Amino acid sequence: MNKLLNIANGVPRQFVRDYAFKSDLKIKWVRPEKISCIRPEKSGDLAKLPALSANELLPGYKDSKELESADETVLSLFKLSNNPNHLTTRYYRDQMIKEVQRHAQDYGSMEAKLAKMTASIRRYQEHMEAHPRDKMIKVRLKELIDKRKKFLKYLRRWDYPRFEWILEKLDLVYKPPPAHFHWITRKESLQKLTDIYCEKIKEERLEAYHKELQAQQIPYLEDAIKKMVFVRQEQIDCDVPVTVTEQQIENARQELAQLKQLREAEAAATRKQSDETFH
Amino acid sequence: MAARGLLLMGQCMPCIKQNASKIRIRRMELDKNLNMYFKKDTFFFAHDPKKLCKTGDVVLIRELPERMTRLITHNVEKVVYPLGDITDPITGKKVVVGKYREDIEMANQLFGKSAKGFDYEKAPPRGRLEGSKDFTHGETYIKYHEDGKDQPFAV
């Protein structure tokens, strides 16, 4: 654009730079903020782990008869919240596996594995929020997320109904990886945005031209009918062979009537839509 | 060329065009210098108004007598292998990786089938999660611009 303007304004040729081209278009590029790969929005976890109820006992002591009659201090020793963290993780994991497993002994099927990983991932994510500098857990979490994604990829290929079911059950989002990796640069992003901008302009102009042509349709047909009637009358009056038939005129009239009907229906539809948006 | 009505088998790829599916035909090409075969992909657009094939399906396409649009040259004939819903061609039974679905079901029955587990009979046809949880029907891209709107296919 610059270059064209320079040529049009008669700027001497030796001063025109044709490299490092800069666009005049007012396109603002905002670099997307980097989201850490361990965040739920990147890993595809839509749901969080449910909050632990305060009275939850250790899984092994749930049905214990002695604990029912035990006093407060003893009972508190067997509460999950007063015990090591990994027991809570194990509790969540078992809960999640039980939701999807095929039978009571199933811990090795794909869905059980995915459930197990999902529970650990969500637990680790909670941990990472509280302890952002814990690198060991961060690495483990990233590896788990990648592995789960790989397993989902396999499951999709092997068994699509089960894949969809597990996505729903575990509340996960699956997005396939992009075909090519590239770093995000200002230049390339602006090129893409410019392409989108140009495409939009093209579409708008085509749409406008289409409207313009449509507006000409009815007057053209009316004019054509008038002329056809006139020519036919003249030919009959002057005793020359008649080239315009009644049928042709009738066809044109029918076409016009159809067109008018169509336009009216369209106008009514747009009016209705605008009324609905207005109210 | 077009009069041949050539039949081709390929895999359906994600495609944004309406009424058409993008089909990848994969062949092996010999590199004479290295004396090795390399994958070579050719892409065709097949007319598919009913959206018979979904991403990943192996389909048969037939060449049209004349090209329909600038892009569309083929017609989707048949879905041969739907993705993740494989039938063993010899016995006609459904297969998951190395096992028949029947055998898996039998093992589940023997161990005491869980009521919460997955059931093939209750499973609806593919495609209900498109756009909400499963984004394999389109091409994903690395997010390059923040425009304030939701970009479902941005990674």
Pairs returned, first residue in the range B:138-151 that is more than 7 Å from chain A (Cβ to nearest Cβ), second residue that is basic (Lys, Arg), beta-carbon separation under 8 angstrom, 6 or more apart or interchain, are B:GLN151/B:LYS143
Checked A:TYR124, A:TYR107 against criteria (of a type in the set (Phe, Trp, Tyr) and either within 14 Å of chain B (Cβ to nearest Cβ) or over 30 Å from A:GLY60 (Cβ atoms) (or both)); the one match is A:TYR107
If we ask which residues in the range B:116-137 are more than 9 Å from chain A (Cβ to nearest Cβ) and not charged (D, E, K, R), their number turns out to be 2
So the check is Cβ under 7 Å with 6+ separation or different chains; which pairs have a first residue in the range B:45-73 that's within 17 Å of B:MET13 (Cα to Cα) and a second one that's part of a strand (DSSP E or B) and among the hydroxyl-bearing types (Ser, Thr, Tyr)? B:PHE45/B:THR73; B:ALA46/B:SER21; B:ASP48/B:SER21; B:CYS53/B:SER21; B:ASP57/B:TYR81; B:VAL58/B:TYR81
Inside the range A:177-206, the number of residues satisfying the requirement of being more than 25 Å from A:LYS22 (Cβ to Cβ), within 12 Å of chain B (Cβ to nearest Cβ) and either more than 22 Å from the chain's Cα centre (by Cα) or part of a helix (DSSP H, G or I) (or both) is 0
Given the structure, is A:MET110 buried (at least 19 other Cβ atoms within 10 Å of the Cβ), assigned by TED's automatic domain parsing to the domain that holds A:LEU152 and more than 23 Å from A:GLU41 (Cβ to Cβ)? yes
Just give me the residues in the range B:60-95 being in a strand (DSSP E or B), over 12 Å from B:LEU8 (Cβ atoms) and of a type in the set (S, T, N, Q), in sequence order. B:THR87
Condition set within 11 Å of chain B (Cβ to nearest Cβ) and more than 17 Å from the chain's Cα centre (by Cα), scope the range A:26-36, selection surrounded by the fewest Cβ atoms within 10 Å (Cβ to Cβ): answer is A:GLU33
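Please go through the range B:85-97 and pick out each residue that is at the interface with chain A (Cβ under 7 Å from one of its Cβ atoms) and either of a type in the set (Gly, Ala, Ser) or surrounded by fewer than 13 Cβ atoms within 10 Å (Cβ to Cβ) (or both).
B:VAL97
Inside the range B:42-59, can you point out the residues that are of a type in the set (Lys, Arg) and either part of a strand (DSSP E or B) or more than 14 Å from B:GLY138 (Cα to Cα) (or both)? Don't jump to the end; show me each part of the working.
Keep residues of the range B:42-59 that are of a type in the set (Lys, Arg), which gives B:50-51, B:54.
Result: B:LYS50, single match.
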Within the range A:83-97, can one find any residue that is under 18 Å from A:ASN55 (Cβ atoms), under 32 Å from the mean Cα position of the chain (by Cα) and within 14 Å of chain B (Cβ to nearest Cβ)? yes
Select, from B:LYS17, B:LYS78, B:LYS40, B:LYS32, the only residue that is more than 14 Å from chain A (Cβ to nearest Cβ) and at pLDDT below 90. B:LYS17
Condition check: under 23 Å from A:LEU114 (Cα atoms), more than 8 Å from every other protein chain (Cβ to nearest Cβ) and aromatic (Phe, Trp, Tyr). Does B:TYR100 satisfy that? yes
If I ask for residues that are outside any helix (DSSP H, G or I) and facing chain A (nearest Cβ under 9 Å), which ones from the range B:104-115 would you list? B:GLY112, B:LYS113, B:SER114
Which count do you get for residues in the range A:203-251 that are of a type in the set (Asp, Glu) and closer than 18 Å to A:GLU266 by Cβ? 2
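The values are calculated or read from the model by the stated rules, or taken from the named source; none is laboratory data. Bear in mind that the values here come from a model prediction, so they are computed numbers and not experimental data. Glycine gets a Cβ as well: all are built from the backbone with ideal geometry, and neighbour counts include every protein chain shown.
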